[in-house]
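Report on the following structure.
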Amino acid sequence: MKELVEYIAKSLVDSPDEVEVTEIEGERSIIIELRVAADDMGKVIGKQGKIAKSIRTLTRARATKEGKRVVVEILR
């Protein structure tokens, strides 16, 4: 899951070296924290949050196959 979010984020931003993805796994859920440079926040969130919503949808679909819930948090 972490690799998926990292790949998508690095493809979107201007500073791929500053992308950090942390995965916190519980019994039934996964929390993914995505950190990008301040200048790249808009690129990851997108207009009206559409890109962030797409990232969350993709991760949710993959987590469903594993029988888990996933939460993607975009942080500075």
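A short reminder: the numbers here are calculations on the coordinates, not readings from a lab. Worth saying up front: this structure is predicted, and the values here are computed from it rather than measured. As a convention, Cβ positions derive from the backbone with ideal geometry for all residues, glycine included, and neighbour counts pool all protein chains shown.
Out of all the residues in the range 1-10, which are of a type in the set (D, E, K, R) and out of contact with any Asp or Glu (no Cβ under 6 Å at 6 or more places or on another chain)? First the steps, then the outcome.
As a first pass, look at the range 1-10 and keep what is of a type in the set (D, E, K, R): 2-3, 6, 10.
GLU3, GLU6, LYS10, listed by residue number.
Residue by residue through the range 23-32, note down the ones that are surrounded by 13 or more Cβ atoms within 10 Å (Cβ to Cβ) and more than 15 Å from THR57 (Cα to Cα).
Narrowing the range 23-32 to residues surrounded by 13 or more Cβ atoms within 10 Å (Cβ to Cβ): 23, 25, 30-32.
Passing the criteria: GLU23, GLU25.
Being polar (S, T, N, Q), in contact with an Asp or Glu (Cβ under 7 Å, 6 or more places away or on another chain) and within 16 Å of GLU73 (Cβ to Cβ) is the filter here, so list the residues in the range 11-42 that pass it.
The initial filter retains those residues of the range 11-42 that are polar (S, T, N, Q), namely 11, 15, 22, 29.
Within this subset, residues satisfying the condition of being in contact with an Asp or Glu (Cβ under 7 Å, 6 or more places away or on another chain) are 15, 22.
THR22 - this is the single residue of the range 11-42 that is polar (S, T, N, Q), in contact with an Asp or Glu (Cβ under 7 Å, 6 or more places away or on another chain) and within 16 Å of GLU73 (Cβ to Cβ).
Could you tell me which of the residues LYS68, LYS43 is surrounded by 11 or more Cβ atoms within 10 Å (Cβ to Cβ), more than 13 Å from LEU4 (Cα to Cα) and touching a helix residue (DSSP H, G or I) at 6+ places or on another chain (Cβ under 7 Å)? Before the answer, list the steps.
Numbers: LYS68 fails: touching a helix residue (DSSP H, G or I) at 6+ places or on another chain (Cβ under 7 Å).
One residue alone meets the criteria, LYS43.
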